[in-house]
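See below for the structure under consideration.
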Amino acid sequence: MKKLHSFDEVFDGQKVFRKVLEAMSNPGRRVSIAEQSEKMHSDGKVFLAIGMTLLDNEVTFATCGNQELAENMSLITLSKEESLENADFIFVEDGNKLEEVIEKAKSGTLEDPQKSATIIIKTDKACSKTLHLYGAGIDGTLQLEVPDITVKAIELRKQQNYEYPQGIDFIFVTADGELFSIPRLVMTKEEQ
């Protein structure tokens, strides 16, 4: 029988959680969960490692039509797959689906802004654009080299015109386990 993973739910889960927390607390900081994600023996191993850490039977997820990932995620986390409009965590492999995902993702309410979605987006390592970030977790401004899909995601989020403090959180991850985050309260400054 082939095992889906050798990821230790406690020890590896804690390591991934600390890395995700570090990335969310320090927007733009790159961290690696490569060691832990290699313990997943299936396609989408980085997504599965994040799922093993953040999902349980009290939250929901969406995979934008990737049925194999959805089945594996449900199997190992006991979390329920949900529509884009209702999912707490949305895993995006195809950048072409980003516009639909961001339009439909829940953005919380003024009373409960934390009830928004977290969108985990697969990206490549090639950084061809520069963003100037400011907001929560950043002292002044931060210049960050990012892939094209990050700029696209930020622009699409900006078009939603969320009322502060509503919005959606982004986690960008590469296939080899490098990740960084741009939370909902972090904004971009236009190039001068």
_Checking the conditions here, which among Asn86, Asn96 is over 12 Å from the mean Cα position of the chain (by Cα), under 18 Å from Ala62 (Cα atoms), assigned to a loop (DSSP other than H, G, I, E, B) and polar (S, T, N, Q)?_
Asn86
*Assuming Leu78 fulfils every condition listed in (1) open to solvent by less than 20 Å² (accessible area, probe 1.4 Å); (2) without any contact (Cβ under 8 Å) to a residue 60 or more places away in the chain; (3) under 24 Å from His5 (Cα atoms) apart from one, which condition is it?*
(1)
*Determine if region 176-192 includes at least one residue that is within 26 Å of Asp43 (Cα to Cα) and part of a loop (DSSP other than H, G, I, E, B).*
yes
*Being closer than 25 Å to His132 by Cα and assigned to a loop (DSSP other than H, G, I, E, B) is the filter; apply it to region 8-32 and report the residue that is most open to solvent (accessible area, probe 1.4 Å).*
Arg29
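Residue by residue, here is whether (1) at positive phi; (2) open to solvent by less than 40 Å² (accessible area, probe 1.4 Å); (3) among the hydrophobic types (A, V, I, L, M, F, W, C) holds:
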site: Asp112; (1), (2), (3): no, no, no
site: Ile121; (1), (2), (3): no, yes, yes
site: His132; (1), (2), (3): no, no, no
site: Thr141; (1), (2), (3): no, no, no
site: Ile149; (1), (2), (3): no, yes, yes
site: Lys158; (1), (2), (3): no, no, no
site: Asn161; (1), (2), (3): yes, no, no
site: Phe172; (1), (2), (3): no, yes, yes
site: Met187; (1), (2), (3): no, no, yes
*May I ask you to list pairs of residues, at least six apart or on different chains, whose Cβ atoms are under 6 Å apart, with the first in region 148-170 being more than 16 Å from Ser107 (Cα to Cα) and the second being part of a helix (DSSP H, G or I)?*
Ile149/Gly95
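Can you name every residue in region 30-60 that is in contact with a Leu (Cβ under 9 Å, 6 or more places away or on another chain) and basic (Lys, Arg)? Let's see the steps before the verdict.
So the first thing to find is which residues in region 30-60 are in contact with a Leu (Cβ under 9 Å, 6 or more places away or on another chain), and the list is 30-33, 37, 40-44, 46-48, 50-51, 55-57.
Within region 30-60, Arg30 is the sole residue that qualifies.
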*asked:* So, in region 150-167, exactly how many residues are part of a loop (DSSP other than H, G, I, E, B) and in contact with a helix residue (DSSP H, G or I) (Cβ under 6 Å, 6 or more places away or on another chain)?
replied: 0
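Yes/no per residue for (1) in a loop (DSSP other than H, G, I, E, B); (2) in contact with a helix residue (DSSP H, G or I) (Cβ under 6 Å, 6 or more places away or on another chain):
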| site | (1), (2) |
| --- | --- |
| Ser42 | yes, yes |
| Gly51 | no, yes |
| Asp56 | yes, no |
| Cys64 | yes, yes |
| Glu68 | no, no |
| Ser74 | no, no |
*Quick one: which of Asn86, Asn96 is farther than 22 Å from Leu185 by Cβ and either modelled with pLDDT of 95 or more or surrounded by 19 or more Cβ atoms within 10 Å (Cβ to Cβ) (or both)?*
Asn86
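Restricting the search to region 99-110, which residues are part of a loop (DSSP other than H, G, I, E, B) and open to solvent by 80 Å² or more (accessible area, probe 1.4 Å)? Let's see the steps before the verdict.
Initial filter on region 99-110 (part of a loop (DSSP other than H, G, I, E, B)): 105-106, 108-110.
Within region 99-110, Leu110 is the sole residue that qualifies.
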*May I ask you to list the residues in region 46-59 that are surrounded by 15 or more Cβ atoms within 10 Å (Cβ to Cβ) and more than 14 Å from the chain's Cα centre (by Cα)?*
Val59
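The values are calculated or read from the model by the stated rules, or taken from the named source; none is laboratory data. This one's a predicted model, so the numbers in the text were calculated from it and none came from an experiment. All Cβ positions, glycine included, derive from the backbone under ideal geometry; neighbour counts span all protein chains shown. What goes into the accessible areas is simple: the full protein's heavy atoms, side chains included, and nothing from ligands, DNA or RNA. Shrake-Rupley method; radii C 1.70, N 1.55, O 1.52, S 1.80 Å.
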